[in-house]
């Protein structure tokens, strides 16, 4: 089976398909999300992986199991740096995750299953701008109702801190995706629901984000 690909909108206006070797995910990176799940703020960054086979173009609610959505700000890697930005949904078998956590076991069965990662297209970042100067916010809605609102300034670990920490122990290949964690508002994926994820660049927009043009918007119909 061919490896999954993700679309990248380059600065020259061309669109290319990129094949990530892996998805590196950050857990518990928003204080209010930690609270809503009854977890403790970790002493160290929580890192886990999803394989390329987790990537899907469709949002599958897996009617036989309860799946939770988690909207996340995501980055694509090139030359060891974050080179593009987009949005992703980290789909989670929450009940199974709870059982695994209670036994002190890894989360892969609940987090890394086929179809557990759905992405928007990615937009290339301006190489001359330092990552620390950029801030984003994002929204996930269901049938027009807001489910989640995220702001990179509310992260416990900034994008640059995340990149630095991962690079200390793991090689990031060109095309790899880093998912930076989800804000509060996670919940059960509804079959037939229309999910819309939108991403705004705060450094370029001074007005209400929801009234401004998003740099990425993705629409999924859960099946």
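Read the figures in this text as sums done on the coordinates, not as results from a lab. Values in this document were obtained by computation on a predicted structure and should not be read as measured data.
For this structure, a couple of remarks:
- Only helices enter this figure: runs of n ≥ 4 DSSP H residues, each worth -39500 (n - 2.57), summed and divided by the residues of the chain, yield -3000 deg cm²/dmol at 222 nm to the nearest 500.
- Candidate values (i) 20; (ii) 42; (iii) 17, label of the one derived for percent of Cα pairs over 30 Å apart: (iii)
- Three-way shape call for segment 32-79 based on the alpha-carbon gyration tensor, with the a/c threshold at 1.5: oblate
- Segment 3-31 versus segment 104-179: alpha-carbon centroid distance in Å: 9 Å
- Cα gyration tensor category, rounded, prolate or oblate, for segment 65-173 with a/c compared to 1.5: oblate
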